[in-house]
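**Q** Here it is, the structure, as structure tokens.
Only the coordinates and a few stated rules stand behind these numbers; no lab work does. This one's a predicted model, so the numbers in the text were calculated from it and none came from an experiment. Virtual Cβ from ideal backbone geometry, glycine too; neighbours counted across all protein chains shown.
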Amino acid sequence: MKYLLFIVALLTATAACNNETGDSTSQAPATGPVQAENKAPVVRKNILFFGNSLTAAYQLPPEKGFTALIQRKIDSLQLPYTCINAGLSGETTADGVSRIDWVLEQHVDVFVLELGGNDALRGLPLAETKKNLQTILDRVKAKYPDCKIVIAGMMAPPNLGAYAADFRKIFPALAKANRAALIPFLLEGVGGDPALNLPDGIHPNETGQKIVAETVWKTLQPVL
């Protein structure tokens with residue numbers, strides 16, 4: 001079922017992208033003796049957000065999630081980018097490796113990697129988490145060498161001690177090794193605040209998503 005929902009969401013994003021790239025000049029032909037100069041259609045680029053339930057806006061309408069909020073910012077600035085939400089609830093980094101090739105069938109100009117949180121919650125080996133994330137990045141770069149990459153940093157619960165400290169180091173290390181932009185902590189200002197999360201204490205609520213969108217935008221905007 002989770003793959004069916006993801007496919008529907010991806011097809012919807014693709015349809016929106018196709019609609020936006022149409023040539024608007026064909027709708028209003030010139031009537032005067034001097035024909036208006038035809039303008040080439042704007043070529044839109046794709047920003048793919050590849051992640052888990054945080055990207056998928058768990059238990060919220062899609063339009064309330066941070067990827068949709070970022071799309072609004074982009075549209076308000078008239079930037080030629082389309083955000084594609086490829087978030088899938090429950091996804092681990094190993095699941096991401098299994099799914100990435102299919103997702104990359106659609107052209108990607110900017111790749112935002114948001115995975116690892118579920119690995120931490122399950123206490124999965126740090127070496128495997130880092131290896132899986134690097135594998136995903138390698139496949140993105142192999143297929144789209146000019147793709148710009150943004151990595152969303154994540155933290156493990158502090159009660160995990162040394163595991164939590166080492167987990168946090170994974171993301172800046174990957175960003176440095178891959179010359180990627182880094183969001184230091186995706187849930188900055190949101191994580192651990194009951195007023196900004198759903199009752200589960202893990203997933204941002206509508207207000208929390210707005211803060212996450214601002215956090216992501218600080219890093220993403222200079223990349224565009």
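**Q** Which loop-located GluC sites (Glu not before Pro) does segment 75-173 contain, where loop means any DSSP state but H, G, I, E or B and the Cβ has at most 14 other Cβ atoms within 10 Å? Mind showing how you got there, number by number?
**A** On the way: sites: Glu91, Glu105, Glu114, Glu128; in loops: Glu91, Glu105.
When the GluC sites (Glu not before Pro) of segment 75-173 are filtered for loop state and at most 14 Cβ neighbours within 10 Å, Glu105 remain.
**Q** At Arg72 and Thr207, where each label point lies 7 Å from the Cα along Cα→Cβ, what is the point-to-point distance in nanometres?
**A** 1.6
**Q** On to the next question. For Lys143 and Gln106, compute 0.36 nm times the residue count separating them, minus their Cα-Cα distance, and round to one decimal in nm. Let's see the in-between values first.
**A** Details: separation 37, 0.36 × 37 = 13.32 nm, distance 1.06 nm.
Roughly 12.3 nm would be gained on extension.
**Q** Divide the volume of the convex hull of the Cα atoms of segment 37-113 by its number of residues and quote the answer in cubic angstrom per residue.
**A** Working: hull volume 7.3 nm³, N = 77.
Once divided by residue count, the hull of segment 37-113 is 95 Å³.
**Q** Here is a follow-up. Which values, in whole Å and largest first, are the semi-axes of the equivalent ellipsoid of segment 159-224 obtained as the square root of 5 times each eigenvalue of the Cα gyration tensor?
**A** Details: eigenvalues 106, 74, 7 Å².
Its equivalent ellipsoid spans semi-axes of 23, 19, 6 Å.
**Q** Additional query: What shape does segment 79-224 have by the C-alpha gyration tensor, where a ≥ b ≥ c are the square roots of the eigenvalues, rounded means a/c under 1.5, and otherwise prolate means a/b greater than b/c and oblate the rest?
**A** Numbers: a/c = 1.65, a/b = 1.21, b/c = 1.37.
Verdict is oblate for segment 79-224.
**Q** Using a simple spin-label model with points 7 Å from Cα along the Cα→Cβ vector, what separation in nm is obtained for Glu63 and Lys131?
**A** Placing both labels 7 Å along Cα→Cβ, they lie 4.5 nm apart.
**Q** Projecting each Cα onto the charge dipole of segment 160-224 (Lys/Arg +1, Asp/Glu -1 at the beta carbon, about the Cα centre), which of Ala195, Val212, Ala181 comes out farthest on the positive side?
**A** Of Ala195, Val212, Ala181, it is Ala181.
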